[in-house]
1. Using only the alpha-carbon atoms, what does the chain span along each of its principal axes? Please give whole angstrom values in decreasing order.
2. Full extension from Cys8 to Ser91: what is 0.36 nm times the residue separation minus their Cα-Cα distance, to one decimal in nm?
3. Which peptide among 15-23, 80-88 comes first, and what is the full order, when sorted by highest mean count of other Cβ atoms within 10 Å?
4. Rounded to the nearest 500 deg cm²/dmol, what is the calculated helix-only ellipticity per residue at 222 nm for the chain, with -39500 (n - 2.57) per DSSP H run of length n ≥ 4?
5. Only Lys, Arg, Asp and Glu count, each charged at its Cβ (+1, +1, -1, -1), so figure out the dipole size of segment 2-113 about its Cα centre, rounded to 20 debye.
6. Return the distance in nm (one decimal) between the two label points of a simple spin-label model at Arg84 and Glu106, each offset 7 Å from Cα along Cα→Cβ.
7. If contacts are Cα pairs under 8 angstrom and at least 6 residues apart, what is the relative contact order of the chain in percent?
8. Using amide H atoms built 1.01 Å from N in the peptide plane, name the residues 5+ places from Gln66, or on other chains, whose amide H lies under 5 Å from its own.
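Taken together, the values in this text are just the output of simple stated rules run on the coordinates, not laboratory data. These figures come from a predicted structure and were not determined experimentally. No Cβ is skipped: glycine too gets one built from the backbone with ideal geometry, and neighbour counts run over all protein chains shown.
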Amino acid sequence: MRLLLDSCVWGPAADELRAAGHDVDCVAAWGRDPGDEEILRRSVEEERILVTLDKDFGELVFVLGQRHSGILRLVNVRGREQGRMILHTLSRLGQALEQNALVVVESDHMRVRMPDADPG
């Protein structure tokens, strides 16, 4: 899968994901953090699932109606566990994420919100 790791995701998680065969880009490698709107725009442009710890992306998507290509938000997942948790989530919910779901993962459960169906 094509992933974009927000700057708040623990750096070594990218290595774990790449070792598992995923195409990973990292905001931390861009030199500067361009802000949430630009990160979200770029993830859509490059068709990458955004992985973040930041709840502000949910507001951009569900309150302001901005497009996304799937968002995986980790909540209270320790840095050293992030790579493993991302891999576990992708194995269980990767198809939903590729269909532009918002998935929130905590250490003991996951929540999935699929995009609203197009009424037209």
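1. Extents along the principal axes, in whole Å: 42, 33, 25.
2. Stretched fully, the Cys8-Ser91 segment lengthens by 27.7 nm.
3. In decreasing order of mean packing, 15-23, 80-88 become 80-88, 15-23.
4. Dividing the helical sum by the residues of the chain leaves -11500 deg cm²/dmol.
5. It works out to roughly 280 debye.
6. That separation, rounded to one decimal, is 2.0 nm.
7. 24 percent
8. For Gln66, whose amide H was placed from the backbone, the distant partners under 5 Å are Val61.
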